[in-house]
1. Which order do peptides 206-216, 48-58, 76-86, 221-231 fall in by mean Cβ count within 10 Å, highest first?
2. Given bins 5 angstrom wide, list per bin the percent of all Cα-Cα distances in the stretch 177-216, short to long.
3. Dipole of the chain (Lys/Arg Cβ +1, Asp/Glu Cβ -1, origin at the Cα centre): which of Thr28, Pro209, Asn53 lies farthest to the positive side?
4. Within the chain, what percent of beta bridges assigned by DSSP are antiparallel, to the nearest 5?
5. Take peptides 119-130, 35-46 and line them up by average Cβ neighbours within 10 Å, highest first, as a rough protection proxy.
6. Counting only protein heavy atoms and a 1.4 Å probe, tell me what percentage of the stretch 51-161's accessible area is made up of carbon and sulfur.
7. Please quote Rg/Rh for the chain to two decimal places, taking the Kirkwood radius as Rh and restricting both calculations to Cα atoms.
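The values are calculated or read from the model by the stated rules, or taken from the named source; none is laboratory data. The structure displayed is predicted, hence computed values, not measured ones. Quick reminder, even Gly has a Cβ in these numbers, built from the backbone with ideal geometry, and neighbours come from all protein chains shown. Only protein heavy atoms, including side chains, enter the accessible area calculation; ligands, DNA and RNA are left aside. Shrake-Rupley method; radii C 1.70, N 1.55, O 1.52, S 1.80 Å.
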Amino acid sequence: MFKKFIPVFALVYSLTVSADTPPDFTMTDIQGTTYNLHTELARNKPVVLVFFNRTCGTCQAAVPTLENVWQRDALQGQEGWVWAFENGNASNEQIEAYFEQFGGSFIAFRTQGDDSILTSQFGYNITYTPQYFVACTDFTFKRVSYDLVSEVFLSCKAATGIETERSQFAVGTEGNSIFVTLPRESGQVKIMVVDILGRIATQITSTTPQQQYLIDKPAMPGLYIVNVQLENGKRYSRKLVVAR
């Protein structure tokens, strides 16, 4: 895994760093996708940082709770992230086996030896596991216990007004259709319904300003995520269970 870290001097010019600001970094996960922390925070996506060791029993026991945050609160990356960093020099294959055994599907990264993200140089100074941090979209972050991760993650979203607007966004089923109600009329709207593996089941694009839209219901029952993108760049997401 190749890791690229943002030089410290770059942070000085990009934002004012306070003691509460999560140190920035760019890393590539075990699947080959590269992420940057401050970029995701700027996209209004809180990030849970999980530092774990695959042989740590407490780490293993926390996986189902973190998976709930990933599925229920973060909507698998639509409204936030759960990033896990293995600090025991495990291989990609060992990390994948760990997630399969203990029921995790959130984003995982491999670290090696004195990897900078684990050291005091980047502000995390991980000398033991497990440790959990939540980075909010106002560029503050705090260390929390795993049972409070969901509460703090949701408070990050509420503090930026995301929850208030989301409460006016509704989805449901009506016959063979899914209805989507937006907080207000919008111009061009793109709606995608994806399954839990990220595959598009059905989608529409509309240029007629309105608040409610109908889209074909997927043929197969199961859990889906309804993603809405407006022409002004705003996005909404909601889980939906399609029954038989």
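1. Details: 206-216: 12.9, 48-58: 19.5, 76-86: 22.7, 221-231: 16.7.
Answer by packing, highest mean first, reads 76-86, 48-58, 221-231, 206-216.
2. 6, 22, 32, 21, 12, 6, 0
3. It is Pro209.
4. On the way: 45 of 55 bridges.
In the chain, DSSP labels about 80 percent of beta bridges as antiparallel.
5. On the way: 119-130: 15.2, 35-46: 17.7.
Answer by packing, highest mean first, reads 35-46, 119-130.
6. On the way: 2140 of 4700 Å².
On the stretch 51-161, the fraction of accessible area on carbon and sulfur atoms equals 45 percent.
7. Values: Rg = 19.2 Å, Rh = 19.3 Å.
Computed over Cα atoms, the ratio is 1.00.
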